[in-house]
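Here the structure is laid out as structure tokens; the discussion comes afterwards.
The values are calculated or read from the model by the stated rules, or taken from the named source; none is laboratory data. Because the structure is a prediction, the values reported are computed rather than measured. Neighbour counts are summed over all protein chains in view; Cβ atoms, including those assigned to glycine, are modelled from backbone coordinates with ideal geometry.
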Amino acid sequence: MSTRGSGDAGGAADGESALLAAVRAQDTDLVRSLLRDGGEPDLHDAAFCLAVRTYSAGIAQLLLDHGADPGRCGPGELLPLRRAVEFGSAALTEVLLDHRSRGRYSTPELLELCDLARHWQETGVETELGRLTGSPDAVGRTRVQDDEYYGVDEFTLGGMTVRDGHAAILTRLEELLGVRSSFEVLMDRALVHPDQDHAVWGTVTVLLAGRRDRATWTAAAALRTHPDPSHRLFGAEVLRLTHLFDGSDEDTFAGPALDIFTEWSREETELAVLTEVLVALGEHADPRADAALLRHVGHSCPGVRGAVARGLGTWSETPAFTEEVRAALLVLMTDVNMAVRRDACLTVGRGRDRRPGLADAMAALLDDAERQVQVAAVHGLALHEDERCVRASHRLGPPRPGFLAEEHYLEAAWRYEWRREGR
């Protein structure tokens with residue numbers, strides 16, 4: 001449990017380094033910038049310890065990615081794993097279970113923490129908070145981002161703050177201990193939070209997909225006809241990730257996945273499930289996948305059209321889009337929805353088709369009302385070696401924070417300009 005807002009989470013001390021001050025302020029963007037610039041490498045370990053003590057899992061992970069070694073943290077410098085489990089942040093627990101510090105924890109301790117996570121999961125965060133605090137007040141509840149990809153609900157009562165990632169933590173601890181829970185048990189954990197963006201959903205689907213065995217595939221495929229859309233969505237994601245994670249030369253699941261998703265795309269009516277199915281089709285380099293996607297170009301839901309825009313022709317080994325794919329992308333680049341226009345432009349930009357009509361369509365988006373679309377157009381034109389990206393990138397100015405990682409996308413234009421000027 002956390003009582004953030006006091007102690008380590010307070011203001012920076014006089015004379016404190018820029019990195020430690022940024023960690024203490026929980027300023028992720030500033031920490032990322034400082035790490036990218038390579039400053040203060042001798043403080044990475046101390047900064048990591050501070051990030052963990054202030055429950056800043058995302059910052060702690062950034063520091064790990066830039067060489068921080070949790071194994072160098074003294075016993076009193078690192079947040080106890082038990083407190084991270086109680087707090088219910090799957091991301092924070094994962095940081096503490098990094099391979100460089102996992103040896104701190106004995107098997108009996110990990111088994112005890114499994115029981116602790118299971119207790120919170122089965123009791124429920126609201127009930128357990130009420131018991132621990134004795135407060136008669138209403139529990140506050142807020143959706144928060146737990147790591148880069150997944151969120152959790154955060155509950156507050158009587159000065160205590162707890163997140164509801166305990167099922168994800170339990171699943172991860174079981175994996176480390178070699179406990180193989182059944183497909184049904186894991187699915188039930190995930191479906192308590194029928195939300196693809198929740199930490200337990202992500203932990204469970206990734207774990208099951210990583211098994212890459214016939215029994216898991218069969219169980220997931222059987223959910224295709226389940227009357228509950230959340231079950232169908234769960235099954236679709238496990239199947240999609242099973243194929244996506246199969247890095248073997250045999251690619252055993254490619255054919256079965258393409259078959260099932262092609263048929264599924266014709267009959268699914270639930271928007272979230274259909275979108276997942278179309279995303280899966282976009283991960284196949286096969287004309288049948290493009291044909292299945294093309295049937296949904298004019299769908300009324302922008303999320304569905306976005307999945308089509310992201311998936312069409314993206315895995316093709318041919319130098320040019322088919323005429324049908326090209327025509328569909330040109331239509332999607334003029335879609336009424338900003339995200340669809342942006343994603344279609346990114347697909348065209350990354351494609352190998354260099355026909356002038358596609359470049360002209362991207363150039364037309366340089367004057368789009370939305371900056372994200374303009375950035376995507378600059379990126380695509382740069383990849384097509386089209387000089388129109390240069391002036392447009394200058395007009396956009398420096399990268400801004402937002403949905404797109406603008407620095408990455410605009411960098412393509414900067415590199416093109418350097419090459420053109422012979423730098």
Give the residues of the range 281-295 that are farther than 16 Å from THR347 by Cα and either surrounded by fewer than 21 Cβ atoms within 10 Å (Cβ to Cβ) or touching a residue at least 40 places away in the same chain (Cβ under 8 Å) (or both), sorted by residue number. ASP286, PRO287, ARG288, ALA291, ARG295
Of the residues in the range 24-50, those that are surrounded by 16 or more Cβ atoms within 10 Å (Cβ to Cβ) and touching a residue at least 40 places away in the same chain (Cβ under 8 Å) come to LEU50
Pick from the range 133-179 the residues that are basic (Lys, Arg) and assigned to a strand (DSSP E or B): which of them is farthest from THR28 (Cα to Cα)? ARG141
The one condition VAL277 fails out of (1) touching a residue at least 40 places away in the same chain (Cβ under 8 Å); (2) closer than 22 Å to LEU330 by Cβ is (2)
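Yes/no per residue for (1) surrounded by 22 or more Cβ atoms within 10 Å (Cβ to Cβ); (2) closer than 29 Å to ASP37 by Cα:
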residue: ILE59; (1), (2): yes, yes
residue: HIS66; (1), (2): no, yes
residue: ARG82; (1), (2): no, no
residue: GLU86; (1), (2): yes, no
Hey, any hits in the range 60-75 for a residue that's under 23 Å from the mean Cα position of the chain (by Cα) and acidic (Asp, Glu)? yes
Among the listed residues GLY67, GLY38, identify the single one that is more than 30 Å from LEU186 (Cβ to Cβ), modelled with pLDDT under 95 and in contact with a His (Cβ under 8 Å, 6 or more places away or on another chain). GLY67
Since PRO398 meets every condition but one in (1) free of Cβ contacts under 8 Å to residues at least 24 places away in the same chain; (2) in a loop (DSSP other than H, G, I, E, B); (3) within 30 Å of HIS296 (Cβ to Cβ), which condition does it not meet? (3)
Condition first: under 25 Å from HIS296 (Cα atoms), among the small types (Gly, Ala, Ser) and free of Cβ contacts under 8 Å to residues at least 12 places away in the same chain. Can you find one or more residues in the range 344-356 that meet it? no
Options ARG341, ARG326, ARG352; residue that is closer than 23 Å to ALA254 by Cβ and of a type outside the set (Phe, Trp, Tyr): ARG352
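Can you say whether ARG371 is surrounded by 18 or more Cβ atoms within 10 Å (Cβ to Cβ), modelled with pLDDT of 95 or more and of a type in the set (D, E, K, R), as far as the supplied structure shows?
no
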Condition broken by ARG395, with the remaining ones in (1) surrounded by 16 or more Cβ atoms within 10 Å (Cβ to Cβ); (2) at pLDDT 95 or above satisfied: (1)
Checked VAL206, VAL200 against criteria (surrounded by 18 or more Cβ atoms within 10 Å (Cβ to Cβ) and within 30 Å of THR107 (Cβ to Cβ)); the one match is VAL200
With criteria (1) within 25 Å of the chain's Cα centre (by Cα); (2) surrounded by fewer than 16 Cβ atoms within 10 Å (Cβ to Cβ), GLU323 comes up short on (1)
